[in-house]
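The values are calculated or read from the model by the stated rules, or taken from the named source; none is laboratory data. This one's a predicted model, so the numbers in the text were calculated from it and none came from an experiment. Heads up, the Cβs are rebuilt from the backbone with ideal geometry, glycines too, and the neighbour counts pull from every protein chain shown. When the accessible area is computed, the model is the full protein with side chains, heavy atoms only, and any ligands, DNA or RNA have been set aside. Shrake-Rupley method; radii C 1.70, N 1.55, O 1.52, S 1.80 Å.
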Amino acid sequence: MRTVAVAVAVGISIGACVGAGAQAAEIRMLVSNAVKTSLEVLAPEFERAAEHKLVITFGAASELKTEIDKGAAFDVAILTPAAIDALTKDGKASAAGRADIARAPFGLAVRKGASKPDIGTVEGLKQALLKANSIAYVEAGAGSPYFKSLLERLGIADQVRPKLKPQPTSNPAAKAVANGEAELGITAISEILPYAGTEVAGPLPAEIQFYSVSTGAVAVDSKAGEAARAVLRFLTTPAAAAVLKAKGLEPG
């Protein structure tokens with residue numbers, strides 16, 4: 001029953017965002033992995049109700065930004081705020097219609113069935129990292145600089161560094177944990193939940209929590225401008241927020 005209710009709400013939200021008489025368009029989207037699982041649910045709903053086609057490329061925000069800098073065409077980019085700021089400054093993204101879609105709190109991934117360390121406190125997290133045999137993180141991920149600086153702040157960088165397992169974006173931290181390549185993984189909770197072989201040990205303690213924010217903007221030269229803006233409007237509706245929350249995100 002809840003699934004039907006959400007689907008109906010999504011349909012109503014899309015209708016309100018798109019408006020009457022909108023012509024079908026193909027909308028090219030470059031989207032951060034942090035909101036991948038949410039878009040995999042929401043995109044088909046948008047396409048059915050709005051009759052627009054979404055062509056989505058997912059990846060690390062930093063890598064997608066590099067592709068845009070090299071000339072990759074897009075209508076909508078959902079990246080980090082800093083990346084969107086840079087695209088706006090460079091005249092590639094419009095400030096009009098810009099929207100914060102969601103923020104992804106970070107947490108610790110463990111292999112399914114494994115003992116979960118208590119990371120409810122900063123000291124608990126510190127001990128978990130010190131005791132772990134290996135820790136995976138995505139080198140090009142939005143949280144990588146923060147994680148490295150956190151180790152310095154905690155005073156354990158030298159002890160933990162030899163145990164770090166930097167991963168490419170093609171092998172996310174939670175996937176590495178699920179495959180037995182690392183004991184722990186630090187990443188956005190939204191990127192832990194999709195892997196059946198992993199579990200969330202817990203979010204980072206509130207006082208040191210890191211949020212990966214996903215911000216959307218429309219390309220200045222987009223030929224699907226109004227349809228592209230409708231996508232961003234839809235992703236900030238209450239119906240979309242329900243999906244974001246279910247996928248481990250906090251609506252923007």
When every residue in region 94-106 that is under 30 Å from Asn133 (Cα atoms) and either touching a Leu at 6+ places or on another chain (Cβ under 6 Å) or of a type in the set (Val, Ile, Thr) (or both) is compared, the one least open to solvent (accessible area, probe 1.4 Å) is Ala104
Scan (1) assigned to a loop (DSSP other than H, G, I, E, B); (2) under 19 Å from Phe210 (Cβ atoms); (3) out of contact with any helix residue (DSSP H, G or I) (no Cβ under 8 Å at 6 or more places or on another chain); (4) open to solvent by less than 50 Å² (accessible area, probe 1.4 Å) for the single condition Gly91 breaks and write down its number.
(2)
From the set of residues in region 112-133 that are buried (at least 20 other Cβ atoms within 10 Å of the Cβ) and in contact (Cβ under 8 Å) with a residue 60 or more places away in the chain, which is farthest from Ala219 (Cα to Cα)?
Ala128
Confirm whether Ser149 is without any contact (Cβ under 8 Å) to a residue 12 or more places away in the chain, open to solvent by less than 70 Å² (accessible area, probe 1.4 Å) and out of contact with any Phe, Trp or Tyr (no Cβ under 7 Å at 6 or more places or on another chain).
yes
Going through region 198-237 in order, the residues found to be of a type in the set (Phe, Trp, Tyr) and in contact with a helix residue (DSSP H, G or I) (Cβ under 9 Å, 6 or more places away or on another chain) are Phe210, Phe234
Would a scan of region 38-50 turn up a residue that is of a type in the set (A, V, I, L, M), free of Cβ contacts under 8 Å to residues at least 40 places away in the same chain and open to solvent by 40 Å² or more (accessible area, probe 1.4 Å)?
yes
Quick check on my filter: what residues within region 70-88 are open to solvent by 40 Å² or more (accessible area, probe 1.4 Å) and either of a type in the set (Phe, Trp, Tyr) or free of Cβ contacts under 8 Å to residues at least 12 places away in the same chain (or both)?
Lys70, Gly71, Ala82, Asp85
Scan of region 56-69 for residues that are surrounded by 18 or more Cβ atoms within 10 Å (Cβ to Cβ), in contact with a Leu (Cβ under 8 Å, 6 or more places away or on another chain) and of a type in the set (A, V, I, L, M), ordered by number
Ala61, Leu64, Ile68
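If a residue must be small (Gly, Ala, Ser) and farther than 26 Å from Glu63 by Cβ, how many such residues does region 125-148 contain?
2
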Looking at this structure, is Ala50 of a type in the set (A, V, I, L, M, F, W, C), over 23 Å from the mean Cα position of the chain (by Cα) and at pLDDT 90 or above?
yes
Filter region 180-205 for residues that are crowded, with 20+ Cβ neighbours inside 10 Å and hydrophobic (A, V, I, L, M, F, W, C) and give the result.
Ala182, Leu184, Ile186, Ala188, Ile189, Ile192, Ala201, Leu204
Hits in region 218-252 - residues which are in a helix (DSSP H, G or I), open to solvent by 50 Å² or more (accessible area, probe 1.4 Å) and over 14 Å from Ala104 (Cβ atoms):
Glu226, Arg229, Arg233, Pro238
Select from region 113-153 the residues that are within 21 Å of Ala206 (Cβ to Cβ) and charged (D, E, K, R) and list them in ascending order.
Lys116, Asp118, Glu123, Lys126, Lys148, Glu152, Arg153
